[in-house]
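Participant: Quick one: the structure is below, and I'll ask about it shortly.
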Amino acid sequence: MNKRKWNGVKRELFKNKYALMAFVLLIVFLIAALFAFLSPFDPNKMSIIDKLQSPNGKHLFGTDEYGRDYFTRVLYGARVSLAVGFLSMIVAVVIGTTVGTVSGYFGGWIDNILMRFVEVLMSIPSFFLMLLLNAYMKPGITTLVLIIGFFTWMEIARIVRSETLSIKEREYVMYAKASGQSSFLTITKHIIPNIAPTIIIAGTLNIATAILMESSLSFLGLGVQQPNSSWGSMLNSAQGYIGEAWHLTLFPGFLILFTVLCFNVLGDVLRVAFEPKGANGEKK
Amino acid sequence: MSENLLEVKDLKKYYPVKSSSLFGKERVLKAVDGVNFSIKKGETFGLVGESGCGKSTIGRSIIRLHDITSGNIFFDGDDIASLNEKGLKKYRRRMQAVFQDPYASLNPTMNVFELISEPMKIHGNPTPAEQKDTILSLLDQVGLKKDHLYRYPHEFSGGQRQRVSIARALSVNPDFILCDEPISALDVSVQAQVVNMLEDIQEKTGVTYLFIAHDLSMVRHISNRIGVMYLGDIVEIAESDELYTEPLHPYTQALLSAIPEPDTTIAKRERIVLSGEVPSPLNAPSGCKFRTRCPHAMDICREVVPPMLAIGNGRQVACHLYDEEGKIIE
Amino acid sequence: MAEKLLEVVDLKTSFYTGAGEVQAVRGVSFQLEKGEVLGIVGESGSGKSVMAKSIMSLIQSPGKIKQGDITWRGENLLGKSEKQLRAIRGNEISLISQDPMSALNPVVKIGKQMTEVIIRHQRVGKKEAEKRAVDLLGKVGISSPEERLKQYPHELSGGMKQRIMIGMSISCQPELLIADEPTTALDVTIQSQILNLMSALKDKEQMALILITHDLGVVAENCERVLVMYGGLIMEEGPVKELFQNPKHPYTEGLLRSLPKRSNGVKERLVPIQGSPPDLLNPPQGCPFADRCPYVMDKCAELPPYFKVDSERKTMCWLHESEEGDNHE
């Protein structure tokens, strides 16, 4: 990644109003999640007399069915949701990049085996497999991260492979081979840095997917377990009170929506910024 | 006469081509179809021909960028044609390459220091200080400045990038450099700079070049001997001046007459305009591959592949027009 | 005096990029007569292609024609609407670009692409257009034209595609054909076929030709008059033969000297031009060639005007200041 490309990202970010909004919003969420401990309330302290309050001066987002401050819980939930999203992305990017570059660089039967494997994985409805796996493993954040990571890397691997195939034909990669560079160093020094933009874009979009999956799993009660909470698990517990305390579904629901939307917008912006100049006009 | 550094014997490189229809037969693209030539130590051997004639494939076969179909490549007496990557490693230092596209031959994410030090680190274990010393003297040799050391490729012009490529190739003191169209993408005024530099380096280090190009006048200038290729075959090999003043093969004659001459004082060569296009190498004509465009084509050309005749003074031609002495058969 | 076809006066074209204004063409003036063959030589970034596109008013954002007049048969092209321009473009002035691969639409058959152009400009029926397309392909030396019309561009070779581009561009009998590096992507034997074809067509159709190239040999063999461009400006202008035999501008001289000499026997060392072309983001105030010129003087910090060195030749170089008017060296 060179400076020119980052300047392109900056320019694109400031040119596009939505992108800037998305970026600022994500930063706000991130800071809020990081500084959740500043909240005067304990997220897990129950107080039955305060239960199911509507948003008010003391409890900004009201309280939940156990009288816990909902704002504080949303902040702590953000930690889990964002962390799971981010960590799953890392897992997916590491696996996807490794498989993609190895497959593309070596080609031949290695490529054939790896890509058929990817296709098999992609053809299985992964959500049900996740449900199944989840049932056998100890539920928790680590399990969640690994499972989501393991089931979302295939798309990254395919994108990385096709980029590798085109970079492989560049003369600097040929030179590396001609001068006796090892395959490992050729991949890490010559191929991966040059497909980094693609990986970053795929990773950004992957965070959105991962957050959504985490929410779905947690909503089904298979993800984060009490007393910890993520936005998904909060939605799960809120569904019983949708009539009397609509705000309990509203806040985590909208937060999931906005976060996923923001990551998608950001991924789009990165794609435009990294695209070679001149190609912009041809895209619709 | 000095000894050969490189000897290529009956080199063949075929590519399987999948048919576009599902059950079609797999066909074979004969990119290089049995060529023989040798390059002496300290010499520049030029390889010319039009696009698709297989000249780059030969270059890449020699530096073993890919496996070859059959044949031998003797480098300093050792056959490297069938060595694996491990066996090749010690030859990789001695054979370097400079490629055509100055915009694609340098990794855009690495600076000059990292670029040039890479081959040094593969073939040795120099300390950072040693690397820097060597690189600085190399930069000086290729006409770049000290403060270019930490710049990235996009900050350079095409000619400067090609200088970096050359410095990188020189960093491991090679015996042989493959120059695969190193000046084709450069402007006229910059081409001369690079050609002069390559000549100076050869004079100083005695390095051997295989110079692949389609710009015939530059090839003549830089090469001692030249091989002319057509559709995967070498059709003529000669000393470069001889080739230009007295081309024997009808294809060489046509190729030379097609070069536009900038010097308006020189009488124009009679232009031989070849009819038609180069046939596809997937579907090469029988006998002599050039016969479909040759103004002198005879019956024998359809049936018999012309053998490569050595007609003295290191000169070789593959054409039915000539006998063993290089005389035209009446 | 022949009829004046095209006159360009003080044309300036810039591109407004993120990094700043790239002044691709910085004040170019020339004329073209009916039926003339004008060569424009220059290296990459000299502004020669941008100038061709400016004449056709094909400069697109972020590019802009800043200044100048382009007079085509007495009418100023720069004041015309897009609709009026379209009637001229392709009809009276045609452009062939360097890359025949990207000039043809890969998913449309050759025949359809050709007949579309003919129908649009000549307002004839489909049948008639097809007949004319077949005639045109015959004219540009393509065998079995009926079959070619049914093929897609990828089924044809580069030389064949360039022939088709030439066929399309002469379909409306233009007065002027601008060929921007028409043979750069082709092999030499194909190049000589295409150049032969173009000069034959020029005589037959009586059109003027502007041949833009970096290859001095192509200009020497095919043109009557030549403009040498460098750094967005015309450095020198004159009849090909005299200009190449006796270059007046140090840049032209340098270009010719950097080519390998054909003198037999001893190999002459090349004489390159040192340095690299100017950055058009920040073009020098003075002569653009000054920092590479072996004859550079203090005066070169100021942009020289054109000095007439002959009735037909002019050059932008202070060395010829004193020669203005008289003709000795």
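The values are calculated or read from the model by the stated rules, or taken from the named source; none is laboratory data. Note that the coordinates shown come from a computational prediction; the quantities given were computed from them, not determined experimentally. Here the Cβ is made from the backbone with ideal geometry for all residues, glycine too, and neighbour counts use every protein chain on show. The accessibility values were calculated without ligands, DNA or RNA, using every heavy atom of the protein model including side chains. Shrake-Rupley method; radii C 1.70, N 1.55, O 1.52, S 1.80 Å.
Participant: Could you estimate the translational diffusion coefficient of the range A:106-229 from the Stokes-Einstein equation, with Rh from the Kirkwood formula over C-alpha pairs, at 37 °C and 0.692 mPa s, in whole µm²/s?
Facilitator: D = 197 µm²/s.
Participant: Continuing with the same structure: Of the candidates C:K80, C:K64, C:K267, which one comes out as most mobile in a Gaussian network treatment of chain C with C-alpha springs shorter than 10 Å?
Facilitator: Of C:K80, C:K64, C:K267, the Gaussian network model singles out C:K267 as fluctuating most.
Participant: Just tell me, in residue order, which DSSP H segments of chain A are both 27 angstrom or longer along the helix axis (alpha-carbon based) and at least 0.0 in mean Kyte-Doolittle hydropathy.
Facilitator: A:70-106, A:141-168, A:192-219, A:247-274
Participant: What Rg and what Dmax come out for the range B:1-108 when only alpha-carbon atoms are used, in angstroms?
Facilitator: 15.9, 55
Participant: Using only protein heavy atoms and a 1.4 Å probe, report how much of C:K241 is accessible, in Å² to the nearest 10.
Facilitator: So the heavy atoms of C:K241 present about 120 Å² to solvent.
Participant: What list of ³J(HN,Hα) couplings, whole Hz, do you get for the range B:149-157 from phi and the Karplus terms 6.51, -1.76, 1.60, once you set θ to phi - 60° and write x for glycine and proline?
Facilitator: Computed from phi, the couplings for the range B:149-157 are 4, 10, 8, 9, x, 5, 8, 10, 7 Hz.
Participant: From zero outward in steps of 10 Å, how is the percent of C-alpha pairs of the range B:247-330 spread across the bins?
Facilitator: It works out to 16, 42, 32, 10, 1, in whole percents.
Participant: By a straight-distance test (C-alpha under 13 Å), which aspartates and glutamates pair with C:K150 as possible cross-link partners, with residues fewer than eight away in the same chain excluded?
Facilitator: Reachable aspartates and glutamates: C:E130.
Participant: Work from the charge dipole of the range B:247-330 (Cβ charges, +1 for Lys and Arg, -1 for Asp and Glu, about the Cα centre) and give the residue of B:S280, B:T265, B:Q316 farthest towards its positive end.
Facilitator: Highest projection toward the positive end goes to B:S280.
Participant: Any idea of the accessible area per residue across the range C:4-223, 1.4 Å probe, to the nearest Å²?
Facilitator: Per-residue accessible area for the range C:4-223 comes out at 41 Å².
Participant: Over the whole of B:97-107, what's the average partner chain Cβ count within 10 Å per residue? Rounded to a whole number, please.
Facilitator: 5
Participant: Now a separate question. Return the residues of the range B:177-213 for which accessible area with all protein chains present is lower than in the chain on its own by 40 Å² or more; set the probe to 1.4 Å and exclude ligands, DNA and RNA.
Facilitator: B:D187, B:V188, B:S189, B:A192, B:Q193, B:N196
Participant: Continuing with this model, one more query. Would you mind giving the total buried accessible surface between chains A and B, with a 1.4 Å probe and ligands, DNA and RNA left out, rounded to the nearest 100 Å²?
Facilitator: Approximately 2000 Å², summed over both chains.
Participant: With chain A treated as a Gaussian network of Cα nodes joined by springs under 10 Å, which of A:I95, A:I159, A:I27 yields the largest mean-square fluctuation?
Facilitator: Its mean-square fluctuation being the largest, the pick is A:I27.
Participant: Using θ = phi - 60° and the Karplus form 6.51 cos²θ - 1.76 cosθ + 1.60, what ³J(HN,Hα) does each residue of the range B:130-141 get, whole Hz, x for Gly and Pro?
Facilitator: Along the range B:130-141, the couplings run 4, 4, 5, 4, 4, 5, 4, 6, 5, 4, 4, 5 Hz.
Participant: List the residues whose amide H sits under 5 Å from the amide H of B:L47, counting only those 5 or more places along or on another chain, with H placed 1.01 Å from N in the peptide plane.
Facilitator: HN-HN under 5 Å from B:L47: B:F211, B:I212, B:A213, B:G227.
Participant: Moving on. If B:H154, B:H66, A:H59 are ordered by their accessible area, calculated over protein heavy atoms with a 1.4 Å probe, which sequence runs from highest to lowest?
Facilitator: Ranking B:H154, B:H66, A:H59 by accessible area, largest first, yields B:H154, B:H66, A:H59.
Participant: Semi-axes, largest first, in whole Å: what does sqrt of 5 times each Cα gyration tensor eigenvalue give for the protein assembly as shown?
Facilitator: Result for the protein assembly as shown: semi-axes of 58, 37, 30 Å.
Participant: Accessible area of C:T71, 1.4 Å probe, to the nearest 10 Å²?
Facilitator: Accessible area of C:T71: about 40 Å².
Participant: Rank C:A208, C:A19, C:A129 by mean-square fluctuation in a GNM of chain C with C-alpha springs under 10 angstrom and give only the top-ranked residue.
Facilitator: Result: C:A19 has the largest fluctuation of those listed.
Participant: Exceeding 21 Å between C-alpha atoms, which entries from my cross-link table qualify? They are A:K177/B:K132; C:K112/C:K139; B:K55/C:K161; C:K53/C:K109.
Facilitator: Violating the 21 Å Cα-Cα cut-off are A:K177/B:K132; B:K55/C:K161; C:K53/C:K109.
Participant: Continuing with the same structure: Which of rounded, prolate or oblate describes the range C:213-278 when judged by the alpha-carbon gyration tensor and an a/c cut-off of 1.5?
Facilitator: oblate
Participant: Please report the Cα spread of the range B:135-219 along all three principal axes, rounded to whole Å, starting with the longest.
Facilitator: Largest first, the range B:135-219 extends 36, 27, 16 Å along its Cα principal axes.
Participant: Kindly report the accessible area of chain B per residue (heavy atoms of protein chains, probe 1.4 Å, no ligands, DNA or RNA), in Å².
Facilitator: 42
Participant: Counting only DSSP beta bridges with both residues in chain C, what percent are antiparallel, rounded to the nearest 5?
Facilitator: Around 60 percent of the beta bridges assigned by DSSP in chain C are antiparallel ones.
Participant: Using a 1.4 Å probe on protein heavy atoms only, how many Å² of accessible area do C and B hide from each other, summed over both chains and rounded to 100?
Facilitator: The buried area between C and B, both sides summed, comes to about 3600 Å².
Participant: How high is the relative contact order of the range C:255-320? Use alpha-carbon pairs under 8 Å, at least six apart in sequence, and give a whole percent.
Facilitator: Answer for the range C:255-320 is 20 percent.
Participant: With n ≥ 4 as the cut-off for DSSP H runs, can you work out [θ] at 222 nm for chain A, using -39500 (n - 2.57) per run divided by the number of residues, rounded to the nearest 500?
Facilitator: Computed mean residue ellipticity for chain A: -23500 deg cm²/dmol.
Participant: Counting only DSSP beta bridges with both residues in the protein assembly as shown, tell me the antiparallel percent, nearest 5.
Facilitator: Antiparallel bridges: around 60 percent, rounded to the nearest 5.
Participant: What is the mean projected area of the alpha carbon convex hull for the range C:255-320, to one decimal in square nanometres?
Facilitator: Quarter of the Cα hull surface area: 6.2 nm².
Participant: If you place +1 on the Cβ of every Lys and Arg and -1 on the Cβ of every Asp and Glu, how big does the dipole about the Cα centre of the protein assembly as shown come out, in debye to the nearest 20?
Facilitator: About 3000 debye.
Participant: Evaluate peptide C:206-219: per residue, the Cβ atoms of other protein chains within 10 Å of its Cβ; return the mean as an integer.
Facilitator: Taking the mean over all residues of the peptide, I get 2.
Participant: Among the GluC sites (Glu not before Pro) within the range B:214-285, which fall in a DSSP loop and have no more than 12 other Cβ atoms within 10 Å of their own Cβ?
Facilitator: Taking the range B:214-285 and a limit of 12 other Cβ atoms within 10 Å, the loop GluC sites (Glu not before Pro) found are B:E270.
Participant: Out of all DSSP beta bridges with both ends in the range B:4-223, state the antiparallel percent to the nearest 5.
Facilitator: Beta bridges within the range B:4-223, antiparallel portion: roughly 55 percent.
Participant: Sticking with this one: So if I restrict to the alpha-carbon atoms in chain B, what is the Rg, and what is Dmax, the biggest pairwise distance, in Å?
Facilitator: 21.1, 69
Participant: For the range C:172-315, just the Cα atoms, rotate onto the principal axes and tell me the three extents in Å, largest first.
Facilitator: Principal extents (largest minus smallest coordinate, Cα): 51, 42, 34 Å.
Participant: Considering only protein heavy atoms, with the full assembly of protein chains and a 1.4 angstrom probe, order A:R68, C:R148 by accessible area, largest first.
Facilitator: If we order A:R68, C:R148 from most to least accessible, we get C:R148, A:R68.
Participant: For a quick check: with amide H placed at 1.01 Å from N, whose amide H comes under 5 Å from C:Y230's, ignoring anything fewer than 5 positions away on the same chain?
Facilitator: Amide H to amide H, under 5 Å and 5 or more residues apart or across chains, C:Y230 pairs with C:M235.
Participant: Rounding to the nearest 10 and keeping the result within 0 to 90°, find how far the Cα-based axis of helix C:158-169 lies from the longest principal axis of chain C.
Facilitator: With both axes taken from Cα atoms, the answer is about 80 degrees.
Participant: For chain C, give the percent of accessible area contributed by carbon and sulfur heavy atoms, probe 1.4 Å, rounded to a whole number.
Facilitator: Carbon plus sulfur share of accessible area: 49 percent.
Participant: Over the C-alpha atoms of the range C:4-223, what are the Rg and the largest Cα-to-Cα span, Dmax, in Å?
Facilitator: 17.3, 51
Participant: Over all directions, how big on average is the projection of the convex hull of the alpha-carbon atoms in the range A:88-174, in square nanometres?
Facilitator: 6.0
Participant: What ranking of C:E221, B:E246, C:E128, A:E214 comes out by heavy-atom accessible area, probe 1.4 Å, highest first?
Facilitator: Descending accessible area places them as B:E246, C:E128, C:E221, A:E214.
Participant: Mind checking which aspartates and glutamates have their Cα closer than 13 Å to the Cα of C:K308? Skip sequence neighbours fewer than 8 apart in that chain.
Facilitator: Leaving aside aspartates and glutamates fewer than 8 places away in the same chain, those within reach of C:K308 are C:E236, C:E237, C:E321, C:E323, C:E324, C:D326, C:E329.
Participant: Would you kindly find the accessible area of B:T69, with a 1.4 Å probe and non-protein molecules such as ligands, DNA and RNA excluded, rounding to the nearest 10 Å²?
Facilitator: Surface open to solvent at B:T69 totals about 70 Å².
Participant: Let me ask something else. Kindly state, as a whole number, the per residue volume in cubic angstrom of the convex hull around the alpha carbon atoms of chain A.
Facilitator: Each residue corresponds to 165 Å³ of Cα convex hull volume.
Participant: Around B:V28, which amide H atoms from residues at least 5 apart in sequence, or from another chain, sit under 5 Å from its own amide H, with H modelled in the peptide plane?
Facilitator: B:V17
Participant: Let me ask something else. Among C:P284, C:V271, C:P305, whose Cα lies farthest out toward the positive end of the dipole of the range C:255-320, if unit charges sit on the beta carbon of Lys, Arg (+1) and Asp, Glu (-1)?
Facilitator: Final value for the positive-end residue is C:V271.
Participant: Ok, one more. Tell me the relative contact order for chain B as a rounded percent, counting alpha carbon contacts under 8 Å between residues six or more apart.
Facilitator: The value is 19 percent.
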